[in-house]
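The values are calculated or read from the model by the stated rules, or taken from the named source; none is laboratory data. For clarity, every value in this text was computed on a predicted model and none was experimentally measured. Here the Cβ positions follow ideal geometry from the backbone for every residue, glycine too, while neighbour counts run over all protein chains shown. Note: areas computed on protein heavy atoms with side chains; ligands, DNA, RNA excluded. Shrake-Rupley method; radii C 1.70, N 1.55, O 1.52, S 1.80 Å.
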Amino acid sequence: MTPDEFAQTYDRLKQEMARVVVGQDELVDGVLVALIAGGHVLIEGAPGLGKTLVARALAVAAGSKFKRVQFTPDLMPSDVTGSSVFDRQSSAFTFIAGPVFAQILLADEINRAPAKTQSSLLALPKPFTVLATQNPVESQGTYPLPEAQLDRFLMKLLVRHPSRDEELTIVRGHANGFDPAVLAQLSPVVTPATILEMQAHAQAIRVDDAVIAYIVDLVRQTRDDRAIELGASPRASISLMKTAQVVAASQGRAFVTPDDVKPMAAPVLRHRLMLHPDAQLQGISPDDRIAEIVARVAVPRLAQ
């Protein structure tokens, strides 16, 4: 796959999803980057903002098998992974695969299930991406994800309300008969084999030592920031590099620049930071601290 072929395929995936997803450009970009980078995504947003629609549209456009699991307090790990059932005719146990045997899995309201079930999302088929959702407001009857588990998500994406014009477009579409449950108007743009090819291409994008140092400096600053109690781990540095490689590839380039890294800083780092209680009382958010860190870390100049 050439750089131009990668960029064109990425654009076709994005355009196909945009046919049914309105006003969520950051979310569409984020899940595409995660799919190609080979990571999982935690999506936080209020109900009714299109999280499920984005997941289904991604699966259709990527030609991938899709499954959805509604996480509840009584959901067991075997409900996700599957279980062995005794067959009397053959006098043997037969494994019944659970929904995790998909390529794109929507874990809806993942924080409503206990930790043992949250951790059962195993990376079995390839490509395989989990899109896990949670409500930022409602906390009753939930099990917050532990820091160690949060760190395993490549990115955390925030779903915001659409603009007035975007909301008008959404409502007009439903008035004209749009049914988000069918997605009949979408067609597969690629196959899972193509996604694997895109993943291999992105992993081969060159990252100069100066850019690697820039990524490491950004992440290390989260450990020294006065408002942050727990900074990001080296896994965050790796995730930031992988996502920047996809961004660079989506623009048809064979190398990463600092400008590819900057837009990925907040999605990759925001769920990995624990703020000091005083900072939380002052209304400071992880995104505030990340923006300040990005602003103060020196940007390297790359040799032409």
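When 61, 55 are checked against the criterion of being in contact with a strand residue (DSSP E or B) (Cβ under 9 Å, 6 or more places away or on another chain), of a type in the set (A, V, I, L, M, F, W, C), under 30 Å from residue 164 (Cβ atoms) and open to solvent by less than 10 Å² (accessible area, probe 1.4 Å), 55 stands alone in meeting it.
In the set (1) at pLDDT 75 or above; (2) farther than 23 Å from residue 232 by Cα; (3) not small (Gly, Ala, Ser), the condition left unmet by residue 127 is number (1).
Of the numbered criteria (1) out of contact with any Asp or Glu (no Cβ under 8 Å at 6 or more places or on another chain); (2) among the β-branched types (Val, Ile, Thr); (3) in contact (Cβ under 8 Å) with a residue 12 or more places away in the chain; (4) open to solvent by 40 Å² or more (accessible area, probe 1.4 Å), the one residue 41 fails is (4). Being crowded, with 19+ Cβ neighbours inside 10 Å and either over 30 Å from residue 197 (Cα atoms) or charged (D, E, K, R) (or both) narrows it down to one residue among 272, 253; which is it? Just one listed residue meets the conditions, 272. Those residues that are on the phi > 0 side of the Ramachandran plot and either modelled with pLDDT under 90 or crowded, with 23+ Cβ neighbours inside 10 Å (or both), I need them from segment 9-38; list them, please. Within segment 9-38, just 23 meets the criteria. Here residue 241 meets each of (1) over 15 Å from residue 209 (Cα atoms); (2) open to solvent by 10 Å² or more (accessible area, probe 1.4 Å); (3) among the aliphatic types (A, V, I, L, M) with one exception, condition (1).
Yes or no: residue 230 buried (at least 16 other Cβ atoms within 10 Å of the Cβ), hydrophobic (A, V, I, L, M, F, W, C) and either over 30 Å from residue 13 (Cα atoms) or out of contact with any Lys or Arg (no Cβ under 6 Å at 6 or more places or on another chain) (or both)? Against the criterion (buried (at least 16 other Cβ atoms within 10 Å of the Cβ), hydrophobic (A, V, I, L, M, F, W, C) and either over 30 Å from residue 13 (Cα atoms) or out of contact with any Lys or Arg (no Cβ under 6 Å at 6 or more places or on another chain) (or both)), residue 230 does not qualify.
Among the helices (runs of 4 or more DSSP H) confined to segment 145-207, the ones with at least 1 residues that are surrounded by 12 or more Cβ atoms within 10 Å (Cβ to Cβ) and modelled with pLDDT of 90 or more are located at 164-175, 192-203. In the set (1) assigned to a helix (DSSP H, G or I); (2) out of contact with any strand residue (DSSP E or B) (no Cβ under 6 Å at 6 or more places or on another chain), residue 283 fails one condition alone, (1).
Is it the case that residue 102 is in contact with a Pro (Cβ under 9 Å, 6 or more places away or on another chain), open to solvent by less than 60 Å² (accessible area, probe 1.4 Å) and touching a residue at least 40 places away in the same chain (Cβ under 8 Å)?
No: the conditions fail for residue 102.
Taking each residue of segment 1-30 that is over 21 Å from residue 169 (Cβ atoms) and looking for partners that are open to solvent by 70 Å² or more (accessible area, probe 1.4 Å) with beta-carbon atoms closer than 6 Å, six or more apart or interchain, yields 1/197.
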